[in-house]
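In what follows, a single structure is set out as structure tokens and then discussed.
The values are calculated or read from the model by the stated rules, or taken from the named source; none is laboratory data. Since this is a predicted model, take the numbers as computed values, not measurements. Reconstructed Cβ throughout: ideal geometry from the backbone, glycine too, with neighbour counts over all protein chains shown. Note: accessible area is taken over every heavy atom of the protein model, side chains too, but ligands, DNA and RNA are not part of it. Shrake-Rupley method; radii C 1.70, N 1.55, O 1.52, S 1.80 Å.
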Amino acid sequence: DEHPLKGLKKLFTNFGEYDITIPYVKNPKIRNIKRRFFSKFYTLLLNILFFNKFKYLNGLVLYRTKILKSFINKVENNSMTFHSEILLRALSLNSNYQIIHYELKKSKKKNSSINLKKIIECAYSILKLRLSIWFKTFR
């Protein structure tokens, strides 16, 4: 509901030249303050743990099919972090990506995605992912 067609079209710009398109939201203030806080904290944490400098890691990313097929059967993540895990796995295999920005529109739906149980699930998934890299079971 919050992704306007104009923004979705921008995802496909130059996609043929890149294997991965990573978007970030240009107008984050459209989201409530709680959502912005957790998004910034989550992104900062992942950038520190995985040695990256991305503006957002949990969005609507485009991938070439061959990249996803190479590891998708290893993803056993049922938390809100599954997007990030897929992106981090894809980036470990391929560095041909572009970063784009787009604007969201105000969603009419109330976002109830952040609660203590989901935060714990996310923390567990991130820790599991980081440990899999350290112990070389990531790929």
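Before moving on, here are some points about what is shown:
- Residues satisfying the stated conditions in segment 30-45, i.e. open to solvent by less than 40 Å² (accessible area, probe 1.4 Å) and at pLDDT below 85: Arg31
- Scanning segment 51-72 for residues that are farther than 21 Å from Leu11 by Cβ and open to solvent by 20 Å² or more (accessible area, probe 1.4 Å) returns Phe51, Ser70.
- Cβ separations smaller than 7 Å between residues 6+ apart or across chains give the following pairs from segment 15-32 residues that are in a strand (DSSP E or B) to residues that are basic (Lys, Arg): Tyr24/Lys55.
- Filter result for Leu129 (modelled with pLDDT of 90 or more and surrounded by 13 or more Cβ atoms within 10 Å (Cβ to Cβ)): no
- If only residues of segment 14-29 that are farther than 16 Å from Tyr102 by Cα and out of contact with any strand residue (DSSP E or B) (no Cβ under 6 Å at 6 or more places or on another chain) are counted, the one that is surrounded by the most Cβ atoms within 10 Å (Cβ to Cβ) is Asp19.
- Positions within segment 73-98 being open to solvent by 20 Å² or more (accessible area, probe 1.4 Å), aliphatic (A, V, I, L, M) and under 12 Å from the mean Cα position of the chain (by Cα), in sequence order: Met80, Ile86, Leu91
- Pairs linking a residue in segment 68-81 that is free of Cβ contacts under 8 Å to residues at least 40 places away in the same chain to a residue that is open to solvent by less than 70 Å² (accessible area, probe 1.4 Å), with Cβ atoms under 7 Å and 6 or more positions apart or on different chains, are Val75/Glu85; Val75/Ile86.
- Remark: Ile48 matches the filter, which requires a residue to be open to solvent by 100 Å² or more (accessible area, probe 1.4 Å) and β-branched (Val, Ile, Thr).
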